[in-house]
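See structure below.
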Amino acid sequence: MNKTKAYSASSATSPLALDAIQRRDPTERDVQIEILYCGICHSDLHTVRNEWNSVMPTTYPCVPGHEIVGRVTKVGHDVTGFKPGDLVGVGCLVDSDPSCPHCQANVEQFCPDATFTYNSPDKHLGGVTYGGYSESIVVDEKFVLRVPTNLELAGVAPLLCAGITTYSPMRRWGAIKGKKVGVVGLGGLGHMGVKFARAFGAHVVVFTTSPGKKEDALRLGAHEVIISTNAEEMQKHAGSFDYILDTIAADHDINAYIHMLGLDGNITLVGAPEKPLAVSAFALLFGRKSLSGSLIGGIEETQEMLDFCGEHHITADVEVIPIQKINEAYERLVKSDVKYRFSIDMASLKAE
Ligand SMILES: [Zn+2]
Ligand SMILES: [Zn+2]
């Protein structure tokens, strides 16, 4: 076993603080990774504060982080895809039962026996898994991703969750050239959605409540921006969208966006508002529209997304912070005060 420095929370109300955790010695199939950057996802904050208690209660101490980029330091004897020195990524999953139908179909995220990167039962050491707010991690080769070498690493980290979360549904529902695609909300997820939709060749329209975000939305790749509180502007675009990606994690009027869809249009939820959304059946019926959900992506698709980002020079817009600023970053995250993702420079943890 290897002792490694990490930042953990000891209860739902305690701040994250320096801790020491154990990582397993790499087995034949494992890759040991020195973590260079870890993005801060909203899920980290929800888990640390036990806000998803009813669905996934948090076990403490909790070490979050599932947007991991690092360098391979050691590989097990049977590892064929990686060698020391390789740049790699780890997202939300670190293990699964490969015999289940979902894993057979390359959607490991739906495996009933999936092991998530943190706060998930640890099959090797007992207790729960510990995530990327740490110096190193040991992961089964199957769940390690190759990172293109031409991208800036701090901005690659968020691709492992925010990136695949937006890439996967837009690929699935055909956000391609000739389609009018809406992105609701311009945060960590939304700004990635805009970059991907633009790179796929779609006509991209951002819905935001903040007129101040208009310029930035255009800079990120949007062709048009609609201020969703402006009824007149909304009405002008009613019934004209092929697809909408809804990234809002707070309560909002979903019917207003269903109204924007044309015949057979689809709107996908990737955010998770705490309370159920009120959906008007009539809004769906007229126009044969559908409402769908999506959850990250499988390993194969995550690799495809990273390769696509390498080819198209896509990374997340990040604010790099030392890990010592983590609690302050959480406070700012609650207020959406970041453009558009925090990325922790792990050299700061080494130095501590
Ligand atoms: Zn996440
Ligand atoms: Zn499975």
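Tabulated results
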read-out: Some residue of segment 179-191 being open to solvent by 10 Å² or more (accessible area, probe 1.4 Å), away from ligand 1 (no atom under 16 Å from the Cβ) and either modelled with pLDDT of 95 or more or over 26 Å from Glu34 (Cα atoms) (or both); value: yes
read-out: Which listed residue, of Thr268, Thr209, is in contact with a Pro (Cβ under 6 Å, 6 or more places away or on another chain) and not aromatic (Phe, Trp, Tyr); value: Thr268
read-out: One residue from Glu34, Glu67 being among the acidic types (Asp, Glu), farther than 28 Å from Arg172 by Cβ and modelled with pLDDT of 95 or more; value: Glu34
read-out: Residue match in segment 164-175 (condition: more than 30 Å from Ser348 (Cβ to Cβ), among the aliphatic types (A, V, I, L, M) and away from ligand 1 (no atom under 16 Å from the Cβ)); value: yes
read-out: Cross-chain or 6+ apart pairs with Cβ under 6 Å, segment 254-265 first and in contact (Cβ under 8 Å) with a residue 40 or more places away in the chain and at negative phi, then hydroxyl-bearing (Ser, Thr, Tyr) and open to solvent by less than 20 Å² (accessible area, probe 1.4 Å); value: none
read-out: Selection count, segment 60-95, where residues are open to solvent by 10 Å² or more (accessible area, probe 1.4 Å), of a type outside the set (Val, Ile, Thr) and within 22 Å of Asn119 (Cβ to Cβ); value: 5
read-out: Residue in segment 192-204 that is farthest from Asp337 (Cα to Cα), counting only those that are open to solvent by 20 Å² or more (accessible area, probe 1.4 Å) and out of contact with any helix residue (DSSP H, G or I) (no Cβ under 7 Å at 6 or more places or on another chain); value: Gly201
read-out: Residue within segment 107-117 that is open to solvent by less than 30 Å² (accessible area, probe 1.4 Å) and more than 20 Å from the chain's Cα centre (by Cα) present; value: no
read-out: Qualifying position, being under 27 Å from Tyr340 (Cβ atoms) and more than 16 Å from ligand 1 (Cβ to nearest atom), among Asn106, Asn2, Asn119, Asn50; value: Asn50
read-out: Subset of segment 50-59 (residues that are buried (at least 18 other Cβ atoms within 10 Å of the Cβ) and in contact with a helix residue (DSSP H, G or I) (Cβ under 9 Å, 6 or more places away or on another chain)); value: Thr58
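The values are calculated or read from the model by the stated rules, or taken from the named source; none is laboratory data. Predicted model only: the values in this text are computed from it and were never measured. All Cβ positions, glycine included, derive from the backbone under ideal geometry; neighbour counts span all protein chains shown. Side chains included, ligands, DNA and RNA excluded: accessible areas come from the protein's heavy atoms. Shrake-Rupley method; radii C 1.70, N 1.55, O 1.52, S 1.80 Å.
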